Each structure stands twice: as C-alpha cells, then as structure tokens.
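Visitor: Before we start, here is the structure in question, set down as structure tokens.
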Amino acid sequence: MNTQEEQLTQFHKDGYLILPEALSETFVSELRRGVEASFSTPDEESEMYGMQELWRPKMFEHGEEFEALVDHGDTVDLVEAILGDDCHLIAMSALRTGTGTEISTWHADETVRFPRPLGVPLDPRIEVPCFIVNLNYYLCDVDQELGPTEFVPGSHRSGRQPQESDNDGNGNPAYEGRQAVSAVGKAGTAVMWHDQTWHRGGINRSNGRYRWVQQAPYGRRYIAQRFYPFVNYHMPEDILARANPRRKRLLGVHGPGAYG
C-alpha cells in the first residue's frame, strides 16, 4: 500500500492495518529504553488495577520521546484521516508481556456501537464509522512465538461481540468466511485497528522473552480521554509548554465546539 487513500480503503475493508517501519530504529531504541525504565519501579496506578507486571499508563509523562510519539509521522496522519483533524489521544500505555501471558479473549473494545441482529445483512455500500483507532507500536521483533496481536478481518462490520457460534475448527472466530490472522512484524511496526474489530493478544510461547509494545489509541473529539483520575486529571504544564499546536490538540487542548 503506497498511498494514504489505499491504506484507508484497506482499513475500512479489513478493520486493521499492519504498517512496517512506522518508527525508525533510533526511535524504537529510545522508546524501548523508556518503557523498560518504567517497569523497573513500582507504579501505583498499575498496582491499583492489578497489572503491575503487564501495564504502565500515561507514558507521555515518562519522557519527551513519548511526547514525540503523540504526533509522530505518517501513522498519525492516517489516524487523523480516519477520525478527523479534531481527534485526540485517549490513552498511552506500555505493555510488557511475559512468557505464558496473553489477552486470550476475542473481543471488540468496549461497547458495540452499531448493534446488528444476526441474519440482518449490512449493505456493502455502508461504511461502518470509526470512533476509536487503536495503535500498537512494536518495540521488539514480534514473531508468532512471541504472541502477536490477532484479528478477524472484516469483523468490525459484524455489529456484535464474537460468539461461540462464530468459531472455526481451531476455536477462533471467523467472520463471513474470513479466518483470524496474526499481525507479526519487526521492531518499529505499527499495528492499527478499528476498535470494533474482533481481536486479542496471542499467548507468549517463547522461552523467557518479553513482548514490548507501546500503545496509543486515539478517539474523535467527543470520545473521553482515559487519563486517571479522569475528570480530576491535569496534564503537566511542562508537557504542554513543549508541545506544538497540533500536539496540544492531540493531548486534548481544544477550542470551542458543540456543547461548549
């Protein structure tokens, strides 16, 4: 896929994209060092959610390299082409997935936004709107053994969470004859998906290797940001002082709009 138009067409058809070389080797190294450092000390919020070994939130607070990721490159250009130029970052979490760890349940994120009863077809001329784009940046080579993110192509059009009746002979859901796929990729790959696409994190079957991933989901302006403690969260002033106008907006600094 050479053009943004081709990427958008593929995204709306399949519900996900695999974007090799979205980050340079140098940038991957910087982010990896920052993520590893964040896991070297306890984190109160991760502990509160019982995810001390797996998860670190609000990574833009952990260094300027993460601030730079907020508005980095062609990937964020593509996000804005999907969500509009008033979208914003809604979370920024790092994941360290150890051997034997997985997010095993197939799911679409949060609520199903356009429920569709079984047996009621969706006209192929109708494009399912996207309100949240999820991004996984691979900070290491992610092969099949390490547990890549997995998707069911086209399932963002299903209008439901996956059900047992959707499963194929391997126990994975399929949608309209399309089987699950694994998003393997080298360090620097970005994996982007429509939040309604059925997906999961594959199990890490390696012998002691970690899967290092930096996440950056974005939402339309009217999708709430998820920075704990939510309405009481205050973005550090030094981060905003360093930000250019685009990055400020992506961090949630908006002008007047509908409802205020």
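The values are calculated or read from the model by the stated rules, or taken from the named source; none is laboratory data. Here the structure is a predicted model, which is why all the values come from computation and not from measurement. Please note: Cβ atoms are built from the backbone with ideal geometry, for glycine as well, and neighbour counts cover all protein chains shown.
Visitor: Restricting attention to the range 157-176, report how many residues are under 22 Å from residue 110 (Cβ atoms), in a loop (DSSP other than H, G, I, E, B) and more than 24 Å from the chain's Cα centre (by Cα).
Guide: Within the range 157-176, residues that are under 22 Å from residue 110 (Cβ atoms), in a loop (DSSP other than H, G, I, E, B) and more than 24 Å from the chain's Cα centre (by Cα) number 0.
Visitor: Could you look through the range 204-221, keep only residues that are under 18 Å from the mean Cα position of the chain (by Cα) and either in a loop (DSSP other than H, G, I, E, B) or modelled with pLDDT under 95 (or both), and pick out the one that is nearest to residue 57 (Cα to Cα)?
Guide: 216
Visitor: Please go through the range 106-124 and pick out each residue that is aromatic (Phe, Trp, Tyr) and either part of a loop (DSSP other than H, G, I, E, B) or under 26 Å from residue 229 (Cβ atoms) (or both).
Guide: Correct list: 114 only.
Visitor: Got at least one residue in the range 214-224 being small (Gly, Ala, Ser), touching a His at 6+ places or on another chain (Cβ under 7 Å) and surrounded by 15 or more Cβ atoms within 10 Å (Cβ to Cβ)?
Guide: yes
Visitor: Do we find that residue 102 is within 18 Å of the chain's Cα centre (by Cα), of a type outside the set (A, V, I, L, M, F, W, C) and within 21 Å of residue 147 (Cβ to Cβ) in this structure?
Guide: Taking the combined requirement at face value, the residue satisfies it.
Visitor: Further, regarding this structure: State the number of residues belonging to the range 177-189 that are part of a loop (DSSP other than H, G, I, E, B) and touching a residue at least 24 places away in the same chain (Cβ under 8 Å).
Guide: Total meeting the criteria: 8.
Okay, residues lined up against (1) at pLDDT 95 or above; (2) buried (at least 19 other Cβ atoms within 10 Å of the Cβ); (3) in contact with a strand residue (DSSP E or B) (Cβ under 8 Å, 6 or more places away or on another chain); (4) not small (Gly, Ala, Ser):
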{"position": "138", "(1), (2), (3), (4)": "yes, yes, yes, yes"}
{"position": "144", "(1), (2), (3), (4)": "yes, no, yes, yes"}
{"position": "152", "(1), (2), (3), (4)": "yes, yes, yes, yes"}
{"position": "158", "(1), (2), (3), (4)": "yes, yes, yes, no"}
{"position": "165", "(1), (2), (3), (4)": "no, no, no, no"}
{"position": "170", "(1), (2), (3), (4)": "no, no, no, yes"}
{"position": "174", "(1), (2), (3), (4)": "yes, yes, yes, no"}
{"position": "182", "(1), (2), (3), (4)": "yes, no, yes, no"}
{"position": "185", "(1), (2), (3), (4)": "yes, yes, yes, no"}
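Visitor: Can you find even one residue in the range 228-251 that is touching a residue at least 12 places away in the same chain (Cβ under 8 Å) and touching a Gly at 6+ places or on another chain (Cβ under 8 Å)?
Guide: The answer is yes; a qualifying residue exists.
Visitor: Still on this structure, I have one more. Do the conditions hold for residue 128, that is, is it modelled with pLDDT of 95 or more, surrounded by fewer than 20 Cβ atoms within 10 Å (Cβ to Cβ) and either in a strand (DSSP E or B) or not hydroxyl-bearing (Ser, Thr, Tyr) (or both)?
Guide: yes
Visitor: When you scan the range 46-105, how many residues do you find that are within 25 Å of residue 143 (Cα to Cα), part of a loop (DSSP other than H, G, I, E, B) and of a type in the set (A, V, I, L, M)?
Guide: 3
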